[in-house]
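Below is one structure, written out as structure tokens; the observations come after it.
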Amino acid sequence: MRPETTQRITNHELANNFIDEQVKEIQSQVKDGRVLLALSGGVDSSVVAALLIKAIGKQLICVHVNHGLMRKGESEEVLKVFKDELDANLVYVDATDRFLNKLEDVAEPETKRKIIGAEFIRVFEEEARKANNKGEISFLAQGTIYPDILESDGVKAHHNVGGLPDDLQFELVEPVKFLYKDEVRVVGKALGLPESMVERQPFPGPGLGVRCLGAITRDRLEALREADAILRQELDGQDIWQYFISIPDFKATGVKDGKRAYEWVAIIRCVNTTDAMEVTVPRLEWEKLEKITIRILKEVPGICRVCYDMSPKPPATIEWE
Ligand code: XMP
């Protein structure tokens, strides 16, 4: 448990002290060993990756699995920051076809999540074995943060590469396990990670898979990715806790170019909260909503209707499935 006297990391100087301490600690734990890390591009795994690169450089092997359910540009940003700028030892796996084939015709939300989770572990495990053949890997780094540890205590199991098979035996390296999210962000900034990565909104592990409702099709997934990118562009910089698009698996009637259209409905979801347990819906400016709507209708093929979800949580959850 985090010692009660631990000072909260609120500024660059405290973050730098933490980084110096952790670099020494990681070096003395790992020595000349090799460390594996699943790099999703989320805040926690990105900060752990940057910390480990500083401590042990190429002894860290990052694996980024693109399950085809990432937001627009997300995998590219991971590659740009970690491969090009930080010169990381990064294995990129485009497993889009594998995931989408497995998900074909699967409409039940929990089954979708299970398939995505299980396939993720399989792909990661395969890459781990390949990397292990090139030299012994004895450590697994994880972006576990303090709330994950607190929440695992009965409320919900945390899902950091949870359920890796027992025969992949690694010693864990968890350098941010006593930090809260805001502290992880301060450390990330001090490590020089871009704002867009450090201030990232929560994004479910199953990604756009839980927002392309019902059975996922490639064309509807693509429409979702494009509409979501427009929403993110338009709301960038606004103080909203989380926002995204969901697209249900039914069509609505419209009229385009003087002809009847039968196309999808994009639903805008914006929420404010402190803990994701209870949320309110922000009052977006009408002009902003109008602009987002018009852009999506004009720029994204296959969508003829846009709605704004007004439901607080409870009773509605943040995600639609
Ligand atoms: P709900 O929909 O339960 O979401 O109100 C609460 C918060 O959790 C995120 N979320 C997930 N995160 N795996 C994750 O890592 C998931 O399967 C998952 N489902 C929901 C959601 O985006 C929101 O921030």
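Listed peptides 188-201, 50-63 appear in the order 50-63, 188-201 once ranked by packing, highest mean of other Cβ atoms within 10 Å at the front. Is region 1-70 best put as rounded, prolate or oblate by its Cα gyration tensor, with a ≥ b ≥ c the root eigenvalues, rounded for a/c under 1.5, and otherwise prolate when a/b is larger than b/c, oblate when not? In terms of gyration-tensor shape, oblate. The order of the peptides 113-121, 23-31, 252-260 by mean Cβ neighbours within 10 Å, most packed first, is 113-121, 23-31, 252-260.
Per the helix-only calculation at 222 nm, which mean residue ellipticity applies to the chain, given -39500 (n - 2.57) for every DSSP H run of n ≥ 4 and division by its residues, nearest 500 deg cm²/dmol? Please list the in-between numbers first.
Details: 10 runs with 124 residues, N = 321.
Here the helix-only value at 222 nm equals -12000 deg cm²/dmol.
Rounded to the nearest whole Hz, the Karplus-based 3J(HN,Hα) values (6.51 cos²θ - 1.76 cosθ + 1.60, θ = phi - 60°) of region 248-260 follow the sequence x, 9, 9, 10, 10, 7, x, 9, 10, 6, x, 10, 5, with x at glycine and proline. The stretch between Met310 and Asn133, if pulled fully straight at 0.36 nm per residue, gains 58.5 nm over its current Cα-Cα span.
For the options Asp249, Asp239, Asp20, a Gaussian network treatment of the chain with springs between C-alpha atoms closer than 10 Å singles out Asp239 as fluctuating the most.
Between the alpha-carbon centres of region 243-321 and region 193-234 there is a gap of 13 Å.
Kyte-Doolittle cut-off -1.0, length cut-off 30 Å along the helix's own axis using Cα: show which whole DSSP H helices in the chain pass.
Details: long enough: 109-133 (36 Å, -0.95).
Both cut-offs are met by 109-133.
Spacing of the modelled spin labels on Lys31 and Ala215, each 7 Å from Cα toward Cβ, amounts to 5.5 nm.
Arrange Trp241, Trp264 by Cβ neighbour counts within 10 Å, fewest through most, would you? Write down the numbers at each step before the final one.
Numbers: Trp241 16, Trp264 24.
By the 10 Å Cβ count, ascending, the order reads Trp241, Trp264.
No lab work stands behind these numbers, since they all come straight from the coordinates. On a predicted model such as this, the values are computed, not experimentally measured, just so you know. Methodologically, a virtual Cβ is constructed for each residue, glycine included, from the backbone with ideal geometry; neighbour enumeration extends over all protein chains shown.
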